[in-house]
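The values are calculated or read from the model by the stated rules, or taken from the named source; none is laboratory data. For clarity, every value in this text was computed on a predicted model and none was experimentally measured. Positions of Cβ are backbone-derived with ideal geometry, glycine not excepted, and every protein chain shown enters the neighbour counts. Accessible surface areas use protein heavy atoms only, side chains included; no ligands, DNA or RNA. Shrake-Rupley method; radii C 1.70, N 1.55, O 1.52, S 1.80 Å.
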Amino acid sequence: RRGELPENAHPVLFSDLTLEQFSHLSRKDLHWTTIHYMQLIIGVAVALQGRIFDAVDFPSFFPALHVARSVFSAFGITCERMAIAFLGWGSVSTRMAYSSERSAETATALEIAEKASVECADIRYTISDIDIHQDWKVELPIASIDMHDTLEEIVPRPLERSDTPPDLWFVGRLDGAKGPDIFLDIVSRVPRSLYGRVLLSGPDNDWHEGERWSQNLMKIAKALGIEAEYCGQLSDADLRSRVFGGRSIVIVPSRTDTFNYVALEAIRSGCVTLLSTKAGASAFMSNHHPKLAPPSIDPDNV
């Protein structure tokens, strides 16, 4: 969708090349995560052969930096520096995302790749202080980015008075890290006369084999006597009109969250927000905008 991108953004299609096509790459003694990410990076490298980059930036939830240098070099790609942005960790989300016992093995494997990526990076930066305090056992410092520079300008809606009870919204990825089940737990403790509808929006995920998180949440809601509706993943425009622009209370009950843009978008839109203390946005608001900091909740002690 080229028309939706900034002028200085130039997308490159991934190649469908597979690792098996490179018989000279020995698979012996390679961890499965290494093989997996090498295959993905090869798909990028084929499209960028011979290019020279001042910096290449990897998000932490794509822990492939440790294999990228070798793969890029094999395709004549030069990178002066490689950066890793601490934007959330797949291992953490995986430990909380599924009911399957296999998730622990997957999370451990992801941790291996994540630590390797952090160790190999020339530049490390985080969007909140949550990750700075983790002992990464690395020599280079971890920079903290001022999130004010990343926020869009949002015009708050006019104040409207009404006797109609507000709708309660959860907006975020459906998994254990974001805590949609905690959202339902909170709703179950609120007198029914104080709110309108109970609505959830965000990308769905597997709960366990054969069942999605959205299905699991509807079961939880029914057991708690809550009439809840999963609205799918709303577009930015729909979020601003239906959620942030409506008569809504947004609840962000994350068990772990490096930052959380949804909370800031809701606050900047003038929407009442309840924010988890485990989200980086909570400390950001308390430290930089204490007069606007929303009510907070400890997701471990509803």
Going by the structure shown, is residue 244 surrounded by 14 or more Cβ atoms within 10 Å (Cβ to Cβ), aromatic (Phe, Trp, Tyr), in contact with a helix residue (DSSP H, G or I) (Cβ under 9 Å, 6 or more places away or on another chain) and farther than 18 Å from residue 168 by Cβ? no
Does residue 124 qualify as being modelled with pLDDT of 90 or more, charged (D, E, K, R) and under 19 Å from the mean Cα position of the chain (by Cα)? yes
Report whether or not residue 97 is crowded, with 20+ Cβ neighbours inside 10 Å, modelled with pLDDT under 85 and touching a helix residue (DSSP H, G or I) at 6+ places or on another chain (Cβ under 9 Å). yes
The lone condition residue 116 fails out of (1) among the small types (Gly, Ala, Ser); (2) surrounded by fewer than 18 Cβ atoms within 10 Å (Cβ to Cβ); (3) touching a residue at least 12 places away in the same chain (Cβ under 8 Å) is (2)
Looking at this structure, is residue 284 more than 14 Å from the chain's Cα centre (by Cα), closer than 17 Å to residue 129 by Cα and not basic (Lys, Arg)? yes
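Scan 186, 154, 127 and give me the residue that is touching a helix residue (DSSP H, G or I) at 6+ places or on another chain (Cβ under 7 Å) and either open to solvent by 80 Å² or more (accessible area, probe 1.4 Å) or more than 30 Å from residue 111 (Cα to Cα) (or both).
After ruling out the rest, the residue left standing is 154.
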If you take the residues in the range 10-51 that are small (Gly, Ala, Ser) and at pLDDT 80 or above, which one is farthest from residue 106 (Cα to Cα)? 50
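Pick from 91, 73: which is under 19 Å from the mean Cα position of the chain (by Cα) and among the polar types (S, T, N, Q)?
Details: 73 fails: under 19 Å from the mean Cα position of the chain (by Cα).
From the options 91, 73, the qualifying one is 91.
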Could you please find all residues in the range 169-183 being open to solvent by 10 Å² or more (accessible area, probe 1.4 Å) and within 15 Å of residue 227 (Cα to Cα)? 181
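Would you call residue 164 modelled with pLDDT under 90, exposed (fewer than 14 other Cβ atoms within 10 Å of the Cβ) and polar (S, T, N, Q)? Spell out the reasoning first.
Details: modelled with pLDDT under 90: no; exposed (fewer than 14 other Cβ atoms within 10 Å of the Cβ): yes; polar (S, T, N, Q): yes.
Criteria not met by residue 164.
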Complete set of residues in the range 159-209 that are among the β-branched types (Val, Ile, Thr) and more than 24 Å from residue 296 (Cβ to Cβ): 164
Taking the range 57-78 as the search range and keeping residues that are among the hydrophobic types (A, V, I, L, M, F, W, C) and crowded, with 19+ Cβ neighbours inside 10 Å, which one is farthest from residue 258 (Cα to Cα)? 77
Just for the range 191-220: of the residues that are at pLDDT below 95 and in a strand (DSSP E or B), which one is surrounded by the fewest Cβ atoms within 10 Å (Cβ to Cβ)? 211
